[in-house]
Amino acid sequence: MKILYYECFSGISGDMNLAALIGLGVDEEWLRAQLARLPIPEPWELRVRPGQKSGISGLTVKVLETVHEHEHEHEHGHGHEHEHGHGHEHEHGHGHGHEHEHRRLREMETLIQAAALPPKVKTAALEVLRALAAAEAEVHGTDLYSVTLHEVSGLDTIVDIVGAALCLEYLAVDEIWSSPVELGGGFVRCAHGLLPVPAPAVQNLLRGVPVTLGRVAAETTTPTGAAIIKTFAHRFPARPAFTPLRAAYGLGERDLPVPNALRVTLAEAETSGAETAYERATQYVLETNIDDMDPEALAYAEELLLRAGALDVWRVACHMKKGRLGVTLGLLAREQEVPALRDIILRETTAIGLRLHPVEKIMLPRKIRSVVTPWGEARLKECALPDGTVKTKPEFEDCRRLAAEAGIPLRLAAEMISRRGEESR
């Protein structure tokens, strides 16, 4: 299969990523034409220039507002994201500081959704954007749509994110792999003052991702870079094996003791049919032990957790200290739902703490389709196994609805839905 392998030995930022992907062969004029479909009110341009760092040739990328003189740009670190730190100036190294750059998530979502771009590109860009917003919301103790995105709301962040989604669509690889991500060290100046590296949003974004620290006394991974690698990377193999086809470097501007560059390699990798058949996702398990709560109140809390986005909720009987009988309340969730679900557990149960850890979820590809039965339409879930066979399961709520409306046993409704699924395949 065709892969991209990211070597983040000097971190990753949005502009370095875009430069490296262009260097791999993405047509610049095609990319500019696609990005021009974003309904951005201010005039801007994408500047791509060749350069060198530590004797290595590569590309630099900048997003410039054309109403301003180019000399307003400042010297900074990893391209336009690495000037000062994890604040407005950090992600927007142009240093203009305009109020219109302080967009909220809803405004940025609307801008991307209104663009005449392929749905797959918009979906990918929105996933990166929401990951950024979720990380910032957790830092500031607010919700996804209330947080003001000082650090990641500018024009260049939007272009970096949408540009990344477009480039990955253009390169059409099967998987994206990455090395551990170098975060750097020292302190970084942001909108809220001086903070230790990694900045809090980067720390939140890279939960579950292998990282390294302290290679240089500077910030090397920005929030946008962290969100891109977290969203798109399928694996972080300790000993990757592949056949390189070509490589490209996205360059930063600061001179560091190590090459200030992101290397991305286009390669071919051997893999089994089973490996390519599975889908992967990083999700989170939250759990806590409870021994002093009314079961009915606990059931109410479980309902709230499911409504708030938990993918699954469970209770397991357990023996606790001093011989007490209790239950372990656990749930599985996507990262963006974790803060809200955490708050529900601590608010609605007697728990005073909980455990949180990332897990890799491996799934069969699935789809939902409708079938027609003598009693009406119903949905059927189909999952494809690596050998080509298909597992099917009727949606329980539809089985229950048909059974109640037709006055038939639940088992008979499920059997009919499955049979109609087989007949119509």
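The values are calculated or read from the model by the stated rules, or taken from the named source; none is laboratory data. Just so you know, these numbers come straight off a predicted model, no measurement behind them. For neighbour counting, all protein chains shown are included, and Cβ atoms are generated from backbone atoms with ideal geometry for every residue, glycine included. The area values use the complete protein model at the heavy-atom level, side chains included, leaving out ligands, DNA and RNA. Shrake-Rupley method; radii C 1.70, N 1.55, O 1.52, S 1.80 Å.
Numerical summary
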{"quantity": "Failed item, numbered, when Leu402 is tested on (1) farther than 30 Å from Asp291 by Cα; (2) open to solvent by 50 Å² or more (accessible area, probe 1.4 Å); (3) assigned to a helix (DSSP H, G or I); (4) not charged (D, E, K, R)", "calculated": "(2)"}
{"quantity": "Unique match (being over 21 Å from Ala19 (Cα atoms), in contact with a strand residue (DSSP E or B) (Cβ under 8 Å, 6 or more places away or on another chain) and either open to solvent by 20 Å² or more (accessible area, probe 1.4 Å) or modelled with pLDDT of 95 or more (or both)) among Thr142, Thr148", "calculated": "Thr148"}
{"quantity": "Unmet requirement for Ala333, which otherwise passes all of (1) exposed (fewer than 13 other Cβ atoms within 10 Å of the Cβ); (2) hydrophobic (A, V, I, L, M, F, W, C); (3) in contact with a Phe, Trp or Tyr (Cβ under 9 Å, 6 or more places away or on another chain)", "calculated": "(1)"}
{"quantity": "Matching residues, segment 336-355, being open to solvent by 50 Å² or more (accessible area, probe 1.4 Å), touching a Ser or Thr at 6+ places or on another chain (Cβ under 8 Å) and farther than 26 Å from Leu205 by Cα", "calculated": "none"}
{"quantity": "Evaluation of Val188 against (1) in a helix (DSSP H, G or I); (2) open to solvent by less than 10 Å² (accessible area, probe 1.4 Å) (one fails), failing number", "calculated": "(1)"}
{"quantity": "Count of segment 209-234 residues which are buried (at least 16 other Cβ atoms within 10 Å of the Cβ) and closer than 21 Å to Ala333 by Cα", "calculated": "10"}
{"quantity": "Test result for Thr389, closer than 23 Å to Glu303 by Cα, surrounded by fewer than 16 Cβ atoms within 10 Å (Cβ to Cβ) and out of contact with any His (no Cβ under 7 Å at 6 or more places or on another chain)", "calculated": "no"}
{"quantity": "Members of segment 117-139 found to be of a type in the set (Val, Ile, Thr) and open to solvent by less than 20 Å² (accessible area, probe 1.4 Å), listed by number", "calculated": "Val121, Val128"}
{"quantity": "Verdict on Gly225 being of a type outside the set (Phe, Trp, Tyr) and assigned to a helix (DSSP H, G or I)", "calculated": "yes"}
{"quantity": "Strands (runs of 3 or more DSSP E) fully within segment 285-399 counting 3 or more residues that are under 26 Å from the mean Cα position of the chain (by Cα)", "calculated": "312-319, 325-333, 355-363, 366-373, 376-384"}
{"quantity": "Residue in segment 2-37 that is farthest from Pro180 (Cα to Cα), counting only those that are surrounded by fewer than 19 Cβ atoms within 10 Å (Cβ to Cβ) and touching a residue at least 60 places away in the same chain (Cβ under 8 Å)", "calculated": "Arg37"}
{"quantity": "From the options Pro365, Pro358, residue that is more than 25 Å from Glu138 (Cα to Cα), open to solvent by 30 Å² or more (accessible area, probe 1.4 Å) and not charged (D, E, K, R)", "calculated": "Pro365"}
{"quantity": "Which listed residue is in contact with an Asp or Glu (Cβ under 8 Å, 6 or more places away or on another chain) and either part of a loop (DSSP other than H, G, I, E, B) or more than 22 Å from Lys2 (Cα to Cα) (or both), from Arg263, Arg215, Arg239", "calculated": "Arg215"}
{"quantity": "Residue list for segment 158-179, filter: surrounded by 24 or more Cβ atoms within 10 Å (Cβ to Cβ) and in contact with an Asp or Glu (Cβ under 8 Å, 6 or more places away or on another chain)", "calculated": "Asp160"}
